[in-house]
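Q: Following this message is one structure expressed as structure tokens.
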Amino acid sequence: MNISIIIPAYNEEKQIPSTLHSLRTYPLPGTVELIVVDDGSSDLTSSVSRIWADRVIRLDDNRGKGFALQKGLEIATGDSILFIDADLGDSASMAHHLVRTMEQEQADLVIATFPPPKKRGFGLVKKWAQKKLEKNVGYSPVSPLCGQRILNRKAIEAIDQWDCGFGIEMAMLFDVYKAGLKVTEVPIPFSHRETKKDLSGFLHRGKQFIEIRKTVKQWKKECT
């Protein structure tokens with residue numbers, strides 16, 4: 001299996017080195033290329049990433065997660081594409097479970113499910129996303145918004161909408177389900193920075209919800 005790992009990153013100079021180091025120290029099966037897309041960071045994300053990554057793309061402006069993933073795909077050569085968040089740190093070494101599950105289940109898209117967070121958030125955005133998926137495609141994963149996922153080329157080619165910020169995970173699911181492809185999940189004890197219950201946390205959730213809602217509306221519009 002040839003795998004391209006794409007990591008979108010925004011101001012992650014402190015966390016991304018351990019994430020990249022883990023991916024290099026615990027290699028995945030097959031041939032792997034490691035691509036970091038710096039989404040307009042104001043820190044040294046690009047510089048520290050070049051130590052470990054095969055390719056680093058530096059965007060001039062912060063364009064959002066979906067756009068960053070799309071730019072990574074433009075240069076990715078793998079038969080399978082593994083998306084990993086920049087803040088996983090040492091736990092990124094467990095990404096091989098996604099690869100193994102894809103092989104064993106013959107799935108087109110595999111999503112990781114995280115352990116329950118130590119500090120429980122409100123989960124409103126996640127629940128809303130699940131309801132929208134169930135209503136529109138008849139099924140929703142346990143973790144529809146999780147960014148840790150692997151797709152084969154068939155699934156990648158089914159996705160029409162990329163430049164949708166935090167809505168990208170929903171866009172993937174809508175299009176992959178619509179194409180009749182197989183989606184499965186696997187529990188993996190990844191850990192990353194949790195969104196706080198302060199003002200910055202509320203703003204983050206608010207932005208996430210707005211972009212996901214916009215993605216849902218756009219998908220429904222295109223389907224009518």
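Q: From the cross-link list 65/214; 135/217; 127/182; 135/221; 71/220; 131/221, which pairs have alpha carbons spaced over 20 Å apart?
A: Violating the 20 Å limit, Cα to Cα: 127/182; 71/220.
Q: Aspartates and glutamates within cross-link reach of residue 126: Cα-Cα under 16 Å, excluding same-chain residues under 8 positions apart?
A: 134, 169, 185, 194, 211
Q: For the range 133-153 and the range 8-36, write down the distance between their C-alpha centroids in whole Å.
A: Going from one Cα centre to the other spans 23 Å.
Q: Would you calculate, for the chain, the mean residue ellipticity at 222 nm contributed by helices, counting each DSSP H stretch of 4 or more residues as -39,500 (n - 2.57) and dividing by all residues, to the nearest 500?
A: -12500 deg cm²/dmol
Q: Among 211-219, 15-23, how do they line up from the highest to the lowest mean number of other beta-carbon atoms within 10 Å?
A: So the order, starting with the most tightly packed, is 15-23, 211-219.
Q: Now a separate question. Return the aspartates and glutamates within reach of residue 154: Cα separation strictly under 15 angstrom, same-chain partners fewer than 8 residues apart disregarded; answer none if there are no such residues.
A: Filter leaves 79, 103, 108, 175.
Q: Of 83, 150, 130, which is farthest on the positive side of the dipole of the chain, counting Cα position, with +1 on Lys and Arg Cβ, -1 on Asp and Glu Cβ, and the Cα centre as origin?
A: About the Cα centre, the residue reaching furthest to the positive side is 130.
Q: Give me 223, 146 ranked fewest to most by other Cβ atoms within 10 Å of their Cβ, as a rough exposure proxy.
A: 223, 146
Q: Now for a separate question. Please sort by residue number the trypsin sites (Lys or Arg not before Pro) in the range 70-135 whose DSSP state is loop and whose Cβ has at most 11 other Cβ atoms within 10 Å.
A: 118, 119, 120
Q: Same structure again: May I ask you to sort 26, 10 by Cβ crowding, counting other Cβ atoms within 10 Å and putting the fewest first?
A: Ascending Cβ contact count within 10 Å gives the list 26, 10.
Here, each number is a calculation from the coordinates, and none is a lab measurement. Quantities reported herein were computed from a predicted structural model and do not represent experimental measurements. Neighbour counts run over all protein chains shown; Cβ positions are idealised from the backbone, glycine included.
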